[in-house]
Amino acid sequence: MEEGVVNEILQGPLRDVFDSTQLITDVSGSGNNWAVGHWTYGSTYRDQIVEQVRRAAEHCDCLQCFFLIHSMGGGTGSGLGTYVLKLLEEEFPEVYRIVTSVYPSAEDDVITSPYNSILAMRALTEHADCVLPVENQSLADIVNKIRHMSHSGKGGSIIKKDSTVISSQGGVSGVEKPFDAMNNIVANLLLNITSSARFEGSLNMDLNEIAMNLVPFPRLHYLVPSLTPLYTLADVNIPTRRLDQMFSDAFSKDHQLIRADPKHSLYLACALMVRGNVQVSDLRRNIERLRPTLPFVSWNQEGWKTGLCSVPPVGHTHALLALANNTCVRPTFTELRERFTKLYRKKAHLHHYLQVEGMEQACFTEALTSLSSLIEEYSQLDATKGVCMPEAPRLNIAT
Amino acid sequence: MSVVTVQVGQCGNQVGQEFFSVLCNDSSNAKDKLYKDCSHERFFREGPSQDLTARAILIDMEPKVINQTIAKAAKSGKWRYGDKAHFCQKQGSGNNWANGFSVHGPKYEEVVRDLVRKEVEQCDRLTGIVTMMSLAGGTGSGMGTYITQCLRDAYPHTSILNHVTWPYNTGEVIVQNYNSVLTLSHLYQFSDAILVHENDAVHKICAQLMNIKHISFNDINKVITHHLGSVLQPVYTASSSHYSRNPIGEFMSSLVNHPEYKLLSIRNIPQMSSTSLAYSVFNWPGLLRHLRQMLIANAGMEEGIDWAVRAQSASKSDRGRPTRELGFNRSLANLLILRGKDVSSAETGGFKDPALYVPWLPVESAISSWSSSVPFNGYEKSATLVSNSQSLLRSLNSTVGKAWNMFASRAYTHQYMKFGISEEDFLDSFTVLEQVISSYSQL
């Protein structure tokens, strides 16, 4: 809702990829105010948005999925973004909606980000098919880790130039800007998720399969992503050990794109998308190796969804994307709720929201309730962790 | 004398392509002209310049695999798929059985029937239909089931053999147990026989017998199609002087003697890498002895057989009480297929032992033996045993158990209900399979 970012894209090397009719901008922005983004701009641009989306959809032979990419902490991405999400559900109910949301870290500089995030969460829980949460702090940590490795060059190993998950290898832009490295990680996430749809492989994993296999209950659709390897060493020979290391890393908390520790929480489901020269036996060996170390929910003890794509990402020989539906998102949400409550108790900045037409106090309370019940659902599942659940008695057939 | 193959879904198409490749190679290398002609007639259409076109239909709900499959076949230079023999859509079935069965099946029924009809019309005489699919996914399992139902309606007098791939135990698809349960329970109603290959078992064969270090799906499919080819290539059944003209029909009547028992497993010996093959010599007594013990001890391959397990005849009065001797795999019927040098000297008496079978069927009807003196797929001697036995009981029980456990929490059921499969439908499927498990347990 302000022109700066979009204009920059239009002047950059990607200007030919976007068509001016695909752009909707305004002038003044949303002022980091979810209500302004959602209600004010939502109602103003509703028809235009529907029109443009419809037009783009008509060009498709077969529309399978919408990707919504936004942040939770601001005003436009969060507010107008969730408005668009609701719109997409109304207008295209059969098309999957996969949302990549950048969650604000604790040290976020936008004061009202907890409000914006919680208000947006409700829409995500109710209207998205899958959400891939990403946290700025995790991205920054990964970037630092890679930079550190590049500069220190651990004992003889040298990182192959431009084959890190943060380099825009294969991309078209020139000068690197501040958030570029972190954004590259998210871009790589999206590339890996769509790789099976774009390239051939011996075991394809399409986007609708992700939604099907990783969402056991409609509201629990928050999938924690992790990408490995973060970089490729200059050593061309890839011993099996290194391949196995890639799998192990996918489950370590340093490689998750949100601040969470899935290994110590409960897995509801997990997907592994492998790219490159990896065969089904490598996949099986690693699953068998790692499985005993990961706590899975009682009714999904072998709950793995796997995909093999033959084409690796640019600059790598192989790559792995892990998507986990894991209760480790609960602490993230709980912390977000605490930050929200801190502000809400004091009614800080509330007037900015309530004075927007369409916004009511109820929006806040309902959003809070929605999040609390989501946290409760995750808690109940967590409580079953480690508890030996008896198997459901089988049907008795009269012989 | 022709067989039409219907390949559905990624697995079905990948296996199918490898299948025709094996058939073509085997018959092209055969020195027996009669064998070669019979095989070509059965599985291929011959064009004016002796080019071979497979009698097959390829179906998938997304285009990549079919394009790959067709290209791979064409690249061989020896055979190809028909130009208009495929049907695909764009969006896939999302691993959702309900989507494949209740949405895509009915929606594209006309088109598929048409494709099959056109292929069938090009056969002088249709003697059987083979379908290939996996149990774990959405298209193969869901739409494959629906298509089988349609084919049964359209060709009521033709034998339909469903070849299914059982997924790895440790999961390829999270909802694979649901998809497997739904598929098997429905297929049981209208399929003639369900021939099963388990990925886990085939994987072991690749690892231990073929010595492959990095096993790919290609390797797995080569083993599966070696097995299939050894059953379906020309062979003398009974004591006739010409190759069987109704292989699939005779297959059914040898193995499926009771409608409650339709699950078939397959064992083949010897299996090894081509490098080892060059240095190996075989004799029929050795091969058959191993094969018999593989059956009794329910081993999938000739390594690691438990020789301590013995066949024990169940007395007639034991019927009704499930007997569980330690690891003994009782059979209802067996089909032994021998190919290669000196087949006439092979002594198959070991398989006629009544102790192997259930007491309530005459032994003569329980064992059939086919043979061909033409060596198959590079093996000087090769023996295959297709069994209707308790082999698959453990896997079936495990799959149903896991699916039931998941169903108890109602996990993922909303995904199926979205496309019209209700809780009632699930319960019906579970009931059918519990009955099958019970029937096989009590042998």
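Of note:
- Phi angles of the stretch B:268-280 translate, via the Karplus equation with coefficients 6.51, -1.76, 1.60 and θ = phi - 60°, into HN-Hα couplings of 9, 8, x, 10, 6, 6, 5, 5, 5, 4, 4, 9, 10 Hz per residue; Gly and Pro are given as x.
- Taking the square roots of five times each eigenvalue of the Cα gyration tensor of the stretch B:268-390, the equivalent ellipsoid has semi-axes of 29, 16, 10 Å, listed largest first.
- Dipole of chain B, positive end: most advanced residue of B:379, B:81, B:7 [Cβ charges, Cα centre]: B:379
- Along its three principal directions, the equivalent ellipsoid of chain A from the Cα gyration tensor extends over semi-axes of 34, 28, 22 Å, largest first.
- Peptide A:269-280 has a mean of 3 when you count, residue by residue, the C-beta atoms of other protein chains within 10 Å of its C-beta.
- Size descriptor, Kirkwood hydrodynamic radius, that averages inverse alpha-carbon separations across the protein assembly as shown, Å: 29.2
- Fraction of accessible area attributable to carbon and sulfur, chain A (%, probe 1.4 Å): 53
- Extension gain, residue B:423 to residue B:344, is 22.9 nm, computed as 0.36 nm per intervening residue step minus the present C-alpha separation.
- Label-point separation, residue A:245 to residue A:150 (7 Å along Cα→Cβ), nm: 1.9
- Figure legend: label point modelled 7 angstrom from the Cα of residue B:218 along Cα→Cβ; residues of the stretch A:310-324 with amide N under 15 Å from it are A:310-311.
- Across peptide B:163-174, the average count of Cβ atoms from other chains found within 10 Å of a residue's Cβ is 6.
- Once the Cα-Cα distance is subtracted from the 0.36 nm per residue extended length, the residue A:15 to residue A:137 segment shows a gain of 40.9 nm.
- Per residue of A:57-64, other chain Cβ atoms within 10 Å of the residue Cβ number 2 on average.
- Pairs of C-alpha atoms in the stretch B:2-266 farther apart than 33 Å represent 14 percent of all such pairs.
- The amide H of residue B:198, built 1.01 Å from its N in the peptide plane, has B:166 as neighbours under 5 Å, considering only residues 5 or more places off or on other chains.
- Solvent-accessible surface (1.4 Å probe) assigned to residue A:246 amounts to roughly 10 Å².
- Descending by average beta-carbon neighbour count within 10 Å, the peptides B:60-73, B:383-396, A:286-299 line up as B:383-396, B:60-73, A:286-299, the highest first.
- Taking amide hydrogens as placed 1.01 Å from N in the peptide plane, the amide H of residue A:66 sits under 5 Å from those of A:96, A:97, A:98, each at least 5 positions away in sequence or on another chain.
- About its Cα centre, the dipole of the protein assembly as shown is roughly 2220 debye, where the only charges are +1 on Lys and Arg Cβ and -1 on Asp and Glu Cβ.
- Förster-model FRET efficiency, 45 Å R0, residue A:107 and residue B:207, C-beta, rounded to 0.05: 0.35
- Working from label points 7 Å from Cα in the Cα-to-Cβ sense, the residue B:277 to residue B:307 distance is 2.7 nm.
- With θ taken as phi - 60° and the Karplus curve 6.51 cos²θ - 1.76 cosθ + 1.60 applied, the whole-hertz 3J(HN,Hα) list for the stretch B:248-260 is 6, x, 5, 4, 4, 5, 6, 10, 9, 9, 8, x, 7 Hz, x standing for glycine and proline.
- Pairs from the table (A:263/A:347; B:84/B:262; A:263/A:305) lying more than 26 angstrom apart at Cα are A:263/A:347; B:84/B:262.
- Complex-versus-alone comparison for the stretch A:186-204, residues with a loss of 30 Å² or more in accessible area, probe 1.4 Å: A:200, A:202, A:203, A:204
- Sum of side-chain charges, residue B:12 neighbourhood, beta-carbon under 12 Å (Lys, Arg +1; Asp, Glu -1): -2
- Between residue B:157 and residue B:33, the FRET efficiency estimated from the beta carbon spacing at R0 = 35 angstrom works out to 0.65.
- Kirkwood Rh and Cα Rg combined as Rg over Rh, evaluated for the stretch B:394-441: 1.01
- Normalised per residue, the accessible area of the stretch B:268-390 is 45 Å², obtained with a 1.4 Å probe and no contribution from ligands, DNA or RNA.
- Extending 7 Å from Cα along the Cβ direction at residue A:57 and again at residue A:338 yields two label points whose distance is 4.2 nm.
- Once the chain from residue A:385 to residue A:346 is taken as fully extended at 0.36 nm per residue, the excess over their C-alpha distance is 10.4 nm.
- Cα centroid separation, the stretch B:269-315 to the stretch B:85-114 (Å): 41
- Residue B:367 long-range amide H proximity, modeled H, under 5 Å: B:334
- Under 9 Å, Cβ to Cβ, from residue B:166 - net charge with Lys/Arg +1 and Asp/Glu -1: -2
- Set of the stretch B:134-159 residues, backbone N closer than 14 Å to the point 7 Å along the Cα-Cβ line of residue B:189: B:145-153
- Using Cβ point charges alone (K and R +1, D and E -1), the dipole size of the stretch A:11-160 about the Cα centre works out to roughly 620 debye.
- Listed pairs A:253/A:385; B:72/B:118; B:78/B:107; B:222/B:341 exceeding 25 Å between Cα atoms: B:78/B:107
- Using C-alpha pairs under 8 Å with a sequence gap of at least 6, the mean separation divided by the residue count of the stretch B:336-443 gives a relative contact order of 31 percent.
- The figure for residue A:145 is an accessible area of roughly 80 square angstrom, using a 1.4 Å probe on the protein chains alone.
- 3J(HN,Hα) from dihedral phi, the stretch A:130-139, Karplus parametrisation 6.51/-1.76/1.60, rounded to Hz, x for glycine, proline: 9, 10, 10, x, 9, 10, 4, 4, 5, 4
- Rg/Rh for chain B, where both radii come from Cα atoms and Rh is the Kirkwood radius: 0.95
- Cut-off 9 Å between beta-carbons: net charge of the residues surrounding residue B:206, Lys and Arg +1, Asp and Glu -1: +1
- Heavy-atom accessible surface that B and A bury in contact, both chains counted, 1.4 Å, Å² to 100: 4200
- Modelled FRET efficiency - R0 45 Å, residue A:366 with residue B:75, Cβ distances, 0.05 increments: 0.15
The values are calculated or read from the model by the stated rules, or taken from the named source; none is laboratory data. Because the structure is predicted, anything quoted here is derived from the model rather than measured. All Cβ positions, even for glycine, are placed from backbone atoms using ideal geometry, and neighbour counts span all protein chains on display. Ligands, DNA and RNA are stripped out before the accessible areas are found, and what is left, the full protein with its side chains, is counted by its heavy atoms. Shrake-Rupley method; radii C 1.70, N 1.55, O 1.52, S 1.80 Å.
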